[in-house]
Amino acid sequence: MKLKLYAEETFTTTLTRERVMIDTDNYPELKGMDEDQISDYIDEHVWDMKPTEDGIYSSLGEELSDQSSYDEDIREGDTTFYVESV
């Protein structure tokens, strides 16, 4: 029996972008929240929040995604081997 064998490797890439400073006074939706609540709120609503740079970005999420990267980490994950009959 002839078989084709091949391997598939999975890698994890983490890219960290430059920070954007916000003043919570400019985001009334964050009023009364502690840091953990703000973090959760931003995680869920970042694409609907106003950017710090009006006229350049349509949302805070877009602004954050457009920042320069300063750290990249690529880690090897799993290797899976496959067998296919010929």
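Residues in region 39-54 carry Karplus couplings, in order, of 4, 4, 4, 4, 4, 8, 10, 4, 7, 9, 8, 5, x, 6, 10, 4 Hz; the curve used is 6.51 cos²θ - 1.76 cosθ + 1.60 with θ = phi - 60°, and Gly or Pro positions show x. Beyond 23 Å, how much of the Cα-Cα pair distribution for region 3-85 remains, as a whole percent? Result: 47 percent of Cα pairs exceed 23 Å.
Pairs of Cα atoms nearer than 8 Å and 6+ residues apart set the relative contact order; for region 15-79 it is 43 percent.
Take the alpha carbon atoms of region 9-61, find their center, do the same for region 64-84, and report the distance between the two centers in whole angstrom. Centre-to-centre (Cα) distance: 23 Å. Straight-line cross-link reach from residue 31 at under 27 Å between alpha-carbon atoms covers these lysines, not counting any fewer than eight positions away in the same chain: 50. Spin-label pair residue 13-residue 46: with each label point 7 Å from Cα along the Cα-Cβ axis, the two points sit 1.7 nm from one another.
All of the numbers you see were taken from the coordinates with simple rules; none came from a lab. Bear in mind the structure is a predicted one, so any value in this text is a computation, not a measurement. Glycine also receives a Cβ, built like all others from the backbone with ideal geometry; neighbour counts cover every protein chain displayed.
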